[in-house]
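The values are calculated or read from the model by the stated rules, or taken from the named source; none is laboratory data. Computed from a predicted structure; not experimentally measured. A quick note on method: Cβ atoms are made from the backbone with ideal geometry, for glycine too, and the neighbour counts reach across all protein chains shown.
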Amino acid sequence: MRIIPARPGDVSTLLAFREEAAAWLSRLGTDQWQRPYPADKLSETIQAGTAFMVLDGDATAATITLIPEGEAGLWTGQELAEPSLFVTKLSVARTHAGQNLGGRLLDWAGDRAHRAGATWLRLDAWTTNEDLQAYYLRQGFEHVRTVLEGEAINGGPRVSGWLAQRRTRPAEHVFTDETPEPARIGST
């Protein structure tokens, strides 16, 4: 399997990917990702070079976005001052479920973050999706805190406020990595 940067022409593929994940999550009884994701926001992450796709032949098997800043209202100023990269929109196609593809993607992200000079790989998960939270704990993340609706730092409602992190490190992820070398944290 290969990991590549998402391209502008991949917007519809990635939106369909998210819709598939939302339908699956709904069947599991969670309201996570039930609002449609704006195509323009997805285009912004692609243009920024932070959205990635795993290809199995011609099929998109998974996607992940790895961004240099945490979502507003979740992380403290002190935490945001620590060199970190943030995982968002990690999703695996149902056709590729059960192959530890998500775990391997998290290892790839931690390796990429390490090469960028980050200390932490961080993420937030839906506060009501306890299965997802347990999954991240099994992947070596440590729960930092849960920010509940109305408690966000600097205000704002939150439903995706279960925060976790793990130290970055070199990792064997077994993808053929066709992404450019990451920019170093703090360099522009």
Select from segment 139-151 the residues that are modelled with pLDDT under 95 and assigned to a loop (DSSP other than H, G, I, E, B) and write down the one among them that is nearest to Pro180 (Cα to Cα). Val147
Given the conditions (1) surrounded by 18 or more Cβ atoms within 10 Å (Cβ to Cβ); (2) modelled with pLDDT under 95; (3) more than 13 Å from the chain's Cα centre (by Cα), report the number of the one that Pro157 does not fulfil. (1)
Which pairs turn up if I take residues in segment 71-98 that are in a loop (DSSP other than H, G, I, E, B) and look for partners that are of a type in the set (Val, Ile, Thr) with beta carbon separation below 6 Å, at least 6 apart in sequence or on another chain? Gly73/Ile153; Leu74/Val147; Glu82/Thr119; Pro83/Thr119; Pro83/Ile185
Would you check which residues across segment 100-138 are touching a helix residue (DSSP H, G or I) at 6+ places or on another chain (Cβ under 9 Å) and in a loop (DSSP other than H, G, I, E, B) and list them? Ala118, Thr119, Trp126, Thr127, Asn129
Quick one: would you say Ala125 is over 18 Å from His173 (Cβ atoms), modelled with pLDDT of 90 or more and among the hydrophobic types (A, V, I, L, M, F, W, C)? no
Subset of segment 38-59 (residues that are part of a loop (DSSP other than H, G, I, E, B), within 26 Å of Val174 (Cα to Cα) and without any contact (Cβ under 8 Å) to a residue 60 or more places away in the chain): Ala48, Thr50, Gly57, Asp58
Leu121 passes all but one of (1) in contact with a Gly (Cβ under 8 Å, 6 or more places away or on another chain); (2) free of Cβ contacts under 8 Å to residues at least 40 places away in the same chain; (3) surrounded by 15 or more Cβ atoms within 10 Å (Cβ to Cβ); (4) over 16 Å from Leu14 (Cβ atoms); which number fails? (2)
Those residues of segment 26-75 which are among the basic types (Lys, Arg) and at pLDDT 75 or above amount to Lys41
Just to verify a result, which residue in segment 1-25, among those that are assigned to a helix (DSSP H, G or I) and either in contact with a strand residue (DSSP E or B) (Cβ under 7 Å, 6 or more places away or on another chain) or among the β-branched types (Val, Ile, Thr) (or both), is modelled with the highest pLDDT? Asp10
Of everything in segment 55-110, what is buried (at least 16 other Cβ atoms within 10 Å of the Cβ) and among the charged types (D, E, K, R)? Give them in sequence order. Glu71, Glu79, Lys89, Arg104, Asp107
